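The values are calculated or read from the model by the stated rules, or taken from the named source; none is laboratory data. Owing to the predicted nature of the structure, the values given are computational and were not obtained by experimental measurement. For neighbour counting, all protein chains shown are included, and Cβ atoms are generated from backbone atoms with ideal geometry for every residue, glycine included.
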């Protein structure tokens, strides 16, 4: 039997954050893969069709904004929704995320119920 | 047919290496490759540090930025640490994370700026400081991270410090982690992080 669960790529340099989001999304019915930075995420997106990206902002090698811009570029061109989750809550952070191509920007921490709800809405094509 | 002796080719003219002044001017060249070459060519040139610090504040090309930071970090001086420490508050995510990576390779000069970073009023700067301490090869790094976990008022800073300390966590840290959960009982991620660390 094939796995019909929506595929999510969790992108964060912090191992505990990846584990946290993996656990919450797995419990909510998603198939979860991980990447530790933007470059790994882009490489993964070139070989796998994900249904959702959950991306941090501050990461080594390629930050979250650059990652989203690359995912939206002609090179990758993925239409999958992007949820950015960051510790950054400065004025303008969300605007920067949306300008890069993110669908939604949330500030950490995001509780289990909210993350599951937002992930379901984004993968269903509903603006969260 | 016998071998034909050819005249030896004339020696190639070798250009003189660019002067420090030329390289410093090339840091502002319109061509990113030229700027990158200039940054790398200024390795070990102390008088170029101010120009490199000015460049890193405005550089947007990742490859050039990496070259400038590599050259700056190799100096590992107070001036460079102060200059790069200021970029931990940058609105440019690429710059602040690249600055954090560079600072983590400067164990001589960075310890002097850590006390100031730990008390920075911007909690995002303190989160970035945890990223620096995660990789800073210094005997006090773990103690500073433990201090952040015990005392910082923002849960995102505490969880960043826990994540940074994770590779070296031992039984001696368990009470510290439990106390952090008690300080932020309503933070689900912090609780999850501590439970994962205690497993």
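Miscellaneous remarks
- Residue in region B:109-116 that is over 14 Å from the mean Cα position of the chain (by Cα) and within 21 Å of residue B:71 (Cβ to Cβ) present: yes
- Looking only at region A:25-40, residues that are surrounded by fewer than 20 Cβ atoms within 10 Å (Cβ to Cβ) and either farther than 18 Å from residue A:72 by Cβ or in contact with a strand residue (DSSP E or B) (Cβ under 6 Å, 6 or more places away or on another chain) (or both) come to 8 in all.
The rows are residues; the columns are (1) more than 14 Å from chain B (Cβ to nearest Cβ); (2) surrounded by 23 or more Cβ atoms within 10 Å (Cβ to Cβ); (3) out of contact with any helix residue (DSSP H, G or I) (no Cβ under 7 Å at 6 or more places or on another chain); (4) within 17 Å of residue B:94 (Cβ to Cβ).
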site: A:42; (1), (2), (3), (4): no, no, no, yes
site: A:46; (1), (2), (3), (4): yes, no, yes, no
site: A:59; (1), (2), (3), (4): no, yes, no, yes
site: A:68; (1), (2), (3), (4): no, yes, no, yes
site: A:78; (1), (2), (3), (4): yes, no, no, no
site: A:85; (1), (2), (3), (4): no, yes, yes, no
site: A:91; (1), (2), (3), (4): no, no, yes, no
site: A:114; (1), (2), (3), (4): no, no, yes, no
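- Condition broken by residue B:117, with the remaining ones in (1) assigned to a loop (DSSP other than H, G, I, E, B); (2) more than 14 Å from chain A (Cβ to nearest Cβ) satisfied: (1)
- Top-ranked residue of region A:23-35 - restricted to ones that are more than 11 Å from the chain's Cα centre (by Cα) and within 19 Å of residue A:124 (Cα to Cα), ranked as nearest to the other protein chains (Cβ to nearest Cβ): A:24
- Residues of region A:12-24 classified as crowded, with 23+ Cβ neighbours inside 10 Å and farther than 15 Å from residue A:87 by Cβ, total: 1
- The single condition from (1) farther than 18 Å from residue B:193 by Cβ; (2) free of Cβ contacts under 8 Å to residues at least 12 places away in the same chain that residue B:87 fails is (2).
- Filter pass, residue B:149 being crowded, with 17+ Cβ neighbours inside 10 Å and either more than 10 Å from every other protein chain (Cβ to nearest Cβ) or farther than 20 Å from residue A:86 by Cβ (or both): yes
- In the condition set (1) under 18 Å from residue A:124 (Cβ atoms); (2) touching a strand residue (DSSP E or B) at 6+ places or on another chain (Cβ under 8 Å); (3) surrounded by fewer than 18 Cβ atoms within 10 Å (Cβ to Cβ), residue A:4 is compliant with all but (2).
- Listed here are the strands (runs of 3 or more DSSP E) enclosed by region A:1-113 that have at least 3 residues being modelled with pLDDT of 95 or more and under 28 Å from residue B:162 (Cα atoms): A:7-11, A:31-35, A:52-55, A:82-86.
- Residue in region B:131-139 that is touching a residue at least 24 places away in the same chain (Cβ under 8 Å) and either on the phi > 0 side of the Ramachandran plot or over 13 Å from the mean Cα position of the chain (by Cα) (or both) present: yes
- Screening the candidates B:106, B:128 for the property of being within 9 Å of chain A (Cβ to nearest Cβ), under 25 Å from residue A:39 (Cβ atoms) and either under 16 Å from the mean Cα position of the chain (by Cα) or part of a helix (DSSP H, G or I) (or both) yields one hit, B:128.
- Within region B:164-199, tally of residues that are within 12 Å of chain A (Cβ to nearest Cβ), part of a loop (DSSP other than H, G, I, E, B) and either in contact with a strand residue (DSSP E or B) (Cβ under 7 Å, 6 or more places away or on another chain) or surrounded by fewer than 11 Cβ atoms within 10 Å (Cβ to Cβ) (or both): 2
- Annotation note: of B:87, B:138, the sole residue that is in a loop (DSSP other than H, G, I, E, B) and either modelled with pLDDT of 95 or more or crowded, with 19+ Cβ neighbours inside 10 Å (or both) is B:138.
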